[in-house]
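Visitor: Take this structure, written in structure tokens, and hold onto it; I'll ask about it next.
The values are calculated or read from the model by the stated rules, or taken from the named source; none is laboratory data. Everything quoted here is computed from the prediction, not taken from an experiment. In this analysis, Cβ positions are derived from the backbone assuming ideal geometry, glycine residues included, and neighbour counts consider all displayed protein chains. The accessibility values were calculated without ligands, DNA or RNA, using every heavy atom of the protein model including side chains. Shrake-Rupley method; radii C 1.70, N 1.55, O 1.52, S 1.80 Å.
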Amino acid sequence: MPEQQYGKRTCLQCGHEFEASYPAQLTCSEKCALERRREQGRQSDALSRARNKNLLTSLDEAWAELEWLNCRYEARRGETGALMMAMCAAHALEMKKLKAELDALRPASAEPAPAEEKAPASAAVIDTSDWDFCKRMNLRARHLPCGEREECQGCERIRPLVLEPGDKVCAKCKQVFTPKAPAQKYCSKSCQVEAARVKCKK
């Protein structure tokens, strides 16, 4: 079978005419193809170096502009600080002068006379003989919350709180509850809303 020819072409590397043996052939020999690839590589490297040089030049210019702006900012800040100190000193001097003038204009009789010491009032005697008395708290009051009734279970302030496994104490109302989720801190929605409102006020 005869070799198929694709017509005459001009080598892109050496410029000689040759018979192409395949459709995409651009050079007359492997040597010219190798030289063409090397030349294209050198051109690509030169373009890359030129782009990098331009990028470095633009970065140097941007850096110089930033340094100039920083120097201006530092100078302005120093001027502003000196101006503020001078204004504060002038204000303090003016206030001192005004105070001296007011002291000079104030009459001697305007000085407040020392207040006479009052004798402390005697404390009123209160009869507590008929008040309730709690032996556990050693406390006497007109009406104790529990009194000495048989159903009294003791004061929460001195009786240790015993929790069942899985129970928690509400962070707002201090009541014992069984949480529905591990991270639940409040026994109800109202306690959660009230705690959030108190936290926002703070």
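Visitor: When you look at Arg9, is it of a type in the set (D, E, K, R), assigned to a strand (DSSP E or B) and either at pLDDT below 90 or in contact with a Ser or Thr (Cβ under 9 Å, 6 or more places away or on another chain) (or both), yes or no?
Guide: Numbers: of a type in the set (D, E, K, R): yes; assigned to a strand (DSSP E or B): yes; either at pLDDT below 90 or in contact with a Ser or Thr (Cβ under 9 Å, 6 or more places away or on another chain) (or both): yes.
The answer is yes for Arg9.
Visitor: Across region 16-35, which residue is farthest from Gln5 (Cα to Cα) among those that are open to solvent by 70 Å² or more (accessible area, probe 1.4 Å) and either in contact (Cβ under 8 Å) with a residue 24 or more places away in the chain or part of a loop (DSSP other than H, G, I, E, B) (or both)?
Guide: His16
Visitor: Is at least one residue of region 71-86 more than 37 Å from the chain's Cα centre (by Cα) and either of a type outside the set (D, E, K, R) or not in a helix (DSSP H, G or I) (or both)?
Guide: No, because not a single residue in region 71-86 is more than 37 Å from the chain's Cα centre (by Cα) and either of a type outside the set (D, E, K, R) or not in a helix (DSSP H, G or I) (or both).
Visitor: Can you tell me which of Ala124, Ala89 is modelled with pLDDT under 85, of a type in the set (A, V, I, L, M, F, W, C) and open to solvent by less than 100 Å² (accessible area, probe 1.4 Å)?
Guide: That would be Ala124, the only listed residue that is modelled with pLDDT under 85, of a type in the set (A, V, I, L, M, F, W, C) and open to solvent by less than 100 Å² (accessible area, probe 1.4 Å).
Visitor: Turning to a different aspect of this structure: If you go through region 36-59, how many residues are surrounded by 11 or more Cβ atoms within 10 Å (Cβ to Cβ) and among the acidic types (Asp, Glu)?
Guide: Counting residues in region 36-59 that are surrounded by 11 or more Cβ atoms within 10 Å (Cβ to Cβ) and among the acidic types (Asp, Glu) gives 1.
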